[in-house]
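**Q** One structure, pasted below without further comment.
The values are calculated or read from the model by the stated rules, or taken from the named source; none is laboratory data. Since this is a predicted model, take the numbers as computed values, not measurements. Every residue, glycine as well, gets a Cβ built from its backbone with ideal geometry; the counts of neighbours run over all protein chains shown.
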Amino acid sequence: MVNKLKVHDKKGNFEQEVEMSGKRSMLDDMLDNGVNVFFGCMGGSCSACKCKITKGLEHVDKEAMGPQVYSDVAEDEVLSCIARVKEGVDGEEIELEKCL
Ligand code: FES
């Protein structure tokens, strides 16, 4: 299962493309590939890792790695530390913009 994640900064400028295995959080996949992204608690409660999904939101499980504690998250946003590609999704392209 391999999906692509295109990472943009908060102004929408393209930064980097990352492959996601679907087994780890989106944040872990970004960090493993050297993406400069903010994070803090790693558990869904601080919002430092919040990102806006601009393409492929239907393929993202927003609480795959645990419950979302921080609640000020819009419909098209995820806390990347607890979000992951949905089970069974393969060959898709997801795009996000970092919120910080
Ligand atoms: S790192 Fe704190 S909510 Fe993701």
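**Q** For LEU100, all conditions in the list (1) within 15 Å of the ligand (Cβ to nearest atom); (2) under 20 Å from LYS11 (Cβ atoms); (3) buried (at least 18 other Cβ atoms within 10 Å of the Cβ) hold save one; what is the number of the exception?
**A** Condition (3) is where LEU100 drops out.
**Q** Output the number of the condition that LEU96 fails; it satisfies all remaining conditions of (1) at pLDDT 95 or above; (2) assigned to a loop (DSSP other than H, G, I, E, B); (3) out of contact with any Pro (no Cβ under 9 Å at 6 or more places or on another chain).
**A** Among (1) at pLDDT 95 or above; (2) assigned to a loop (DSSP other than H, G, I, E, B); (3) out of contact with any Pro (no Cβ under 9 Å at 6 or more places or on another chain), the lone unmet condition for LEU96 is (2).
**Q** Does any residue in the range 20-49 that is in contact (Cβ under 8 Å) with a residue 60 or more places away in the chain and over 23 Å from GLY88 (Cβ atoms) come within less than 7 Å, Cβ to Cβ, of a residue that is more than 6 Å from the ligand (Cβ to nearest atom) and assigned to a loop (DSSP other than H, G, I, E, B) six or more places away or on a different chain, and which pairs are these?
**A** PHE38/LEU100
**Q** Working only within the range 45-67, note down all residues that are in contact with a Phe, Trp or Tyr (Cβ under 6 Å, 6 or more places away or on another chain) and within 11 Å of ILE82 (Cα to Cα).
**A** SER45, SER47, CYS49
**Q** Inside the range 1-60, can you point out the residues that are basic (Lys, Arg), farther than 11 Å from LEU79 by Cα and within 13 Å of the chain's Cα centre (by Cα)?
**A** Those that are basic (Lys, Arg), farther than 11 Å from LEU79 by Cα and within 13 Å of the chain's Cα centre (by Cα): LYS4, LYS6, LYS23, ARG24, LYS55.
**Q** Hey, another quick one. Across the range 73-93, what is the number of residues that are surrounded by 24 or more Cβ atoms within 10 Å (Cβ to Cβ) and part of a strand (DSSP E or B)?
**A** 4
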